[in-house]
Amino acid sequence: MKFVEIYDFATATKARIPAPELAPGMVRVNLEGIGSVFVAGVEMDAYLAAKHEADSPAPVKRLPEGFDRIARATWAMLEANLPWMTEKAWLEGLLADPRPVAELVGWMKVIVVCDEMTRGQMDGPGIGRDLFAVAANALVNGEEALETVELAGISKATAQVCMEKMLHVDPREFSRFWADRLADDDFAVLAGAIERGDG
């Protein structure tokens, strides 16, 4: 059985638990001085908000030339699945990431996987939402994604397929998908960044 470490901000303690005991909404993070652990998403949000207020303002990072347009095209496809978030907040989160291009490419992969999983064969309430949740959790939590998401509209087997697709996105499918949706110049910027290893 696979074990993972969880961290409790209230008690500042780590514990080791079986991966199947992870609660929905937990996310894998790398905390300075603590390491790679799973934390409750709401606790992480509170921690980040407090840390943001305590830290002095950091210099504003920018995406490389052309990536602002790619980020907006990505947001346009994510927006329906993130109703609690605004484009401004999502872009700020992207820029706060230490590797914003890699983070953006990760979200672009979520979109590719969801499109592939829903193309003409999945309809009904909850299915698209569940697939998005699995893909997004796989982006953050890797192989433990299914332990941290509640399924309402898809089977565990379908969720497993979605997670595997997210963990092993076919580069050709990724390129085909985005070549059809981005301007030629923007797709060239994206392809160049991926080739350099930025994404």
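Please rank Trp84, Trp178, fewest neighbouring Cβ atoms within 10 Å first, as an exposure proxy.
Ranked by crowding around the Cβ, least crowded first: Trp84, Trp178.
With Cα Rg over 2.2 N^0.38 Å as the read-out, I listed [x] 1.80; [y] 1.07; [z] 0.99; which label goes with the value calculated from this structure?
This structure yields the entry labelled [y].
Cβ under 14 Å from Phe38's Cβ, Phe38 left aside: what net charge do those residues give with Lys, Arg +1 and Asp, Glu -1?
Computed value for this residue: -3.
With springs connecting C-alpha atoms under 10 Å apart, model the chain as a Gaussian network and identify which of Leu31, Leu94, Leu104 has the largest mean-square fluctuation.
Leu31
Counting only pairs 8 or more places apart or on different chains, how many lysine pairs in the chain have C-alpha atoms closer than 22 Å?
Within the chain, the lysine pair count is 11.
Extending each Cα 7 Å along its Cβ direction at Lys14 and Arg196, get the distance between those two points in nm, one decimal.
Placing both labels 7 Å along Cα→Cβ, they lie 3.5 nm apart.
Bear in mind that the values in this text are calculations on the coordinates, not laboratory data. Computed from a predicted structure; not experimentally measured. As a convention, Cβ positions derive from the backbone with ideal geometry for all residues, glycine included, and neighbour counts pool all protein chains shown.
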